[in-house]
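Just below is one structure, and these are the notes that go with it.
The values are calculated or read from the model by the stated rules, or taken from the named source; none is laboratory data. What you see is a predicted model, and the numbers here were worked out from it, not measured in a lab. Backbone-built Cβ (ideal geometry, glycine too); neighbour counts: all protein chains shown. Note: accessible area is taken over every heavy atom of the protein model, side chains too, but ligands, DNA and RNA are not part of it. Shrake-Rupley method; radii C 1.70, N 1.55, O 1.52, S 1.80 Å.
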Amino acid sequence: MTTETTERGTHGTLYGVGLGPGDPELVTVKAARLIGAADVVAYHSARHGKSIARGIAEPYLREGQLEEHLVYPVTTETTEHPGGYVGAMEDFYAAAAERIAAHLEAGRDVALLAEGDPLFYSSYMHMHTRLTERFDAVIVPGVTSVSAASAATGTPLVQGDDVLTILPGTLPTAELERRLADTDAAVVLKLGRSYTRVREALESTGRLDEAYYVERASTDRQRVSPAGEVGSDGGEIKVPYFSLAMVPGRSRATTPHGSVVVVGLGPGDSDWMTPQSRRELSAATDLIGYGPYLDRVGARAGQHHHPSDNTDEPARAQLACKLAQEGRTVAVVSSGDPGVFAMATAVLEEAKQWPGVEVRVIPAMTAAQAVASRVGAPLGHDYAVISLSDRLKPWDVIVDRLTAAAKADLALAIYNPASKTRTWQVGAMRDVLLEYRDPSTPVVIARAVSGAEPGPGERVSVVRLVDLDPAQVDMRTMLIIGSSQTQWYAGSAAGDTTEDRVFTPRHYPG
């Protein structure tokens, strides 16, 4: 046995005891036993001296126990401490730790009480980090306010594969909005003076009507109401610190049925998918789409996948409407943005024949945006988006549009430039543009750009328009062709690779 272990053996043990959310009957059997057995019971309170923790534990205290009442020097009020709030609390925790250390060094066991769970947004952690290098500690977990709130509402918080996010209400509003939008279920703690901003974040993300407000869960002063009713009269809202907002997961039972949502997946990588798209995909009972796109989404228990070939757009749209009319919640997946040469149009055209079938379109990052980001900002000024596929429109129309865009000196984002059966269109396009564009006009050739970081198969290069080789272009390629103002220069060199930079200024001469 080491010297350190021997010395620790003569000391008392620190017990971080979770008391649960407030009801003394929710204190665990182990916590009650250790509270009663401890030589010293320590607890915090504000300067008014009324400790919530002690009140919960009172039925389990025994006569003759030592008590350490640790009074915060400041809570929400201002302080004259030279270090401000942070300095005042740092000094307090250091002094409180030494008070407890004195008991432990004397061989006394200390039960340090914590509302909820000791390691869940608890003041106990400040003591734990200061004392466990010198003394042994045992953590006794407690029922959290999250579980108590769910029980108070009688509503399941999460089901199946729902993702739960716990958020402190003290986060900036924009961060609350981002995280609320990117989760199935959420609990927002530490409300107090933060509730005005929390309510705004719930409302802006469309989740206010789903949310509950729960105050002092499990106690005789418990209050439960729809979150939207709290502070509905406007102005700053002040609620007790021991309150929370709860947004249950969107279970199958609460998901509206009989609708079709066309969901954009973005260019490929899940990092480029929006939180809204992820939520819609999770809520759907049926997913319809090109097989590889469905593979990107992954399978969830209870969800039906309907893969098809990439050319079967009308059939996919018809199936989506049929399933929706049967009461299913259908998501039709589309790469990039569904409204840009993708599935949204096909579904909307089909839905005209299905009265009562609601269709919504969820936007996403386009391939043009993804490709442009790889080289800089070639689409920084006015630009046109043209598909080179002549499967759904005559080639003469494509030539007319290329000519009009070239005469107008627009940069061009070219979708669907080539395929296994369409091999001559890129060369023909080049020849049309060379009638109006300088031969040195930069052309971005980007293949398989799909992630926040370059992935397998990705190739991005910049060539002069006159040097554009159709052999470099396949069905996974996109082209961006600059205007007369687009600038192209070599960036920093990395090994044998020089990173080209291309941008089109926002101003235009004359």
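The lysines whose alpha-carbon is closer than 23 Å to the alpha-carbon of Lys352, local same-chain residues fewer than 8 away aside, are Lys322, Lys393. Using only Cα coordinates, the Kirkwood hydrodynamic radius of the stretch 316-474 works out to 17.7 Å. Only the Cβ atoms of Lys and Arg (+1) and of Asp and Glu (-1) were treated as charged; on that basis the dipole of the stretch 368-415 about its Cα centre amounts to roughly 160 debye. Here the chain is described by how far its Cα atoms reach on the three principal axes: 97, 58, 53 Å, from widest to narrowest. Over the stretch 243-324, the alpha carbon radius of gyration divided by the compact-protein estimate 2.2 N^0.38 Å works out to 1.19.
Packing around the peptides 187-199, 63-75, taken as the average count of other Cβ atoms within 10 Å per residue, puts them in this order, highest first: 187-199, 63-75. Dipole magnitude for the stretch 253-315: computed about the Cα centre from +1 point charges on Lys and Arg Cβ and -1 point charges on Asp and Glu Cβ, it is near 300 debye. Full extension of the segment from Thr78 to Ala301, taken as 0.36 nm per residue of separation minus the current Cα-Cα distance, would add 75.1 nm. Look at the dipole of the chain built from charges on Cβ: of Pro156, Thr329, Gln485, the Cα furthest out on the positive end belongs to Thr329. Shown in residue order for the stretch 367-383 are the 3J(HN,Hα) couplings computed by the Karplus curve 6.51 cos²θ - 1.76 cosθ + 1.60 at θ = phi - 60°: 4, 4, 5, 5, 5, 4, 5, 5, 10, x, 8, x, 9, x, 10, 4, 8 Hz (x for Gly and Pro).
I need the shape label for the stretch 92-246. Rule: rounded when a/c is under 1.5, else prolate if a/b > b/c, else oblate, with a, b, c from the alpha carbon gyration tensor. Prolate.
For Arg476 and Tyr121, the FRET efficiency from 1/(1 + (r/R0)^6), where r spans their Cβ atoms and R0 equals 51 Å, is about 0.60. At a probe radius of 1.4 angstrom, the accessible area of the stretch 313-372 per residue rounds to 44 square angstrom. Taking θ as phi - 60° and the Karplus parameters 6.51, -1.76 and 1.60, the scalar couplings of the stretch 261-270 work out to 10, 9, 10, x, 8, x, x, x, 5, 5 Hz in sequence order, x denoting glycine and proline. The amide H of Val361, built 1.01 Å from its N in the peptide plane, has Val262 as neighbours under 5 Å, considering only residues 5 or more places off or on other chains.
Tell me, what is the FRET efficiency for Lys322 and Glu175 to the nearest 0.05, using R0 = 56 angstrom and their Cβ-Cβ distance as r? All intermediate terms of the calculation are to be shown ahead of the outcome.
Values: r = 41 Å, r/R0 = 0.74.
With a Förster radius of 56 Å, E is 0.85.
Near Gly376, the amide H atoms lying under 5 Å from its own belong to Val502; only residues 5 or more places off or on other chains count, and H is placed 1.01 Å from N. In this label model, Glu499 and Glu90 are separated by 3.8 nm, measuring between points 7 Å along each Cα→Cβ vector. Neighbours of Gly36, meaning other residues whose beta-carbon lies under 13 angstrom from its beta-carbon, give a summed charge of -1 when Lys and Arg score +1 and Asp and Glu score -1. Applying 1/(1 + (r/R0)^6) with R0 = 30 Å to the Cβ-Cβ distance of Ala106 and Arg33, what FRET efficiency is obtained, to the nearest 0.05? Calculated transfer efficiency: 0.85.
Full extension of the chain between Asp161 and Arg223 gives 19.4 nm of extra length, using 0.36 nm per residue less the Cα-Cα distance.
Quote to one decimal, in nm, the extra length available between Arg134 and Thr421 on full extension: 0.36 nm per residue of separation minus the C-alpha distance between them.
Extra length available between Arg134 and Thr421 comes to 95.9 nm.
Taking θ as phi - 60° and the Karplus parameters 6.51, -1.76 and 1.60, the scalar couplings of the stretch 431-438 work out to 5, 5, 5, 5, 6, 10, 10, 4 Hz in sequence order, x denoting glycine and proline. Rg and Dmax of the stretch 1-152, both derived from C-alpha coordinates alone, stand at 15.7, 51 Å. In straight-distance terms, cross-link reach from Lys190 covers every one of the lysines whose alpha-carbon lies under 30 Å from its own, apart from those fewer than eight places away in the same chain; here that gives Lys30, Lys50, Lys238. Per-residue accessible area (protein heavy atoms, 1.4 Å probe) orders Arg300, Arg278, Arg221 as Arg221, Arg278, Arg300, starting from the largest.
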